[in-house]
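S.K.: Sharing a structure, written as structure tokens. Questions coming.
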Amino acid sequence: MVPSLFNINEPVIFGTPIVMNPVFFIPFLLSPMVNAVLAWAAMKLDLIGRVISVVPWTAPAPIGAAWALGWDFRAAILVILLACVSAIIYFPFFKVYEKQLLEQEAEEAQRVAEESQQTA
């Protein structure tokens, strides 16, 4: 999780697994789009300022957002809220994936139990 603080997301994307997992395809596309629209709307409604500087990509998201908007800390709050929105979007898909894994685990446990009974 520490690399994610600095926008190095490959360990999470490939380790979860999000990439090549059909369950996570929809939230993987939907979450950034929703976040972009909400951030755009916040700027359009003057809830946060406009971008005035380019920030290094390794800056932690809340700090980088505040920095890019001239240290407008409302941007940092928006980033935290958008992370919560992403979590809400992903949660049902994680539950579906968890259910699939639990079913696979139960099938594997049953198969192992049947094999051990046959050898006994």
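S.K.: Does region 25-67 hold any residues that are exposed (fewer than 13 other Cβ atoms within 10 Å of the Cβ) and not in a helix (DSSP H, G or I), and which are they?
M.R.: Once the filter is applied, which keeps residues that are exposed (fewer than 13 other Cβ atoms within 10 Å of the Cβ) and not in a helix (DSSP H, G or I), region 25-67 yields Leu45, Asp46, Arg50, Ile52, Ser53, Val54, Pro56, Trp57, Thr58.
S.K.: Give me the pairs, please: first residue somewhere in region 15-38 and at pLDDT below 95, second residue anywhere and of a type in the set (Ser, Thr, Tyr) and part of a loop (DSSP other than H, G, I, E, B), beta-carbon distance under 8 Å, and either six or more positions apart or on two chains.
M.R.: Listed pairs, sorted by first residue: Phe24/Thr16.
S.K.: Another question, then. Which residue pairs have Cβ atoms closer than 7 Å, lie 6 or more positions apart in sequence or on different chains, and pair a first residue in region 3-14 that is part of a helix (DSSP H, G or I) and modelled with pLDDT of 75 or more with a second residue that is of a type in the set (S, T, N, Q) and surrounded by 13 or more Cβ atoms within 10 Å (Cβ to Cβ)?
M.R.: Correct list of pairs: Val12/Ser4.
S.K.: How many residues are surrounded by 15 or more Cβ atoms within 10 Å (Cβ to Cβ) and part of a helix (DSSP H, G or I) when one looks only at region 15-24?
M.R.: 2
S.K.: Continuing with the same structure: All but one of (1) surrounded by 14 or more Cβ atoms within 10 Å (Cβ to Cβ); (2) assigned to a helix (DSSP H, G or I); (3) β-branched (Val, Ile, Thr) hold for Ile80; state the number of the condition that does not hold.
M.R.: Every condition holds for Ile80 apart from (1).
S.K.: Still on this structure, please answer the following. Select from region 22-66 the residues that are in contact with a Pro (Cβ under 9 Å, 6 or more places away or on another chain) and among the hydrophobic types (A, V, I, L, M, F, W, C) and list them in ascending order.
M.R.: Filtering region 22-66 for residues in contact with a Pro (Cβ under 9 Å, 6 or more places away or on another chain) gives 24, 27, 64.
Result: Phe24, single match.
The values are calculated or read from the model by the stated rules, or taken from the named source; none is laboratory data. These numbers were taken from a predicted model, which means no experiment stands behind them. Cβ sites come from the backbone with ideal geometry, for glycine too, and all protein chains shown count toward neighbours.
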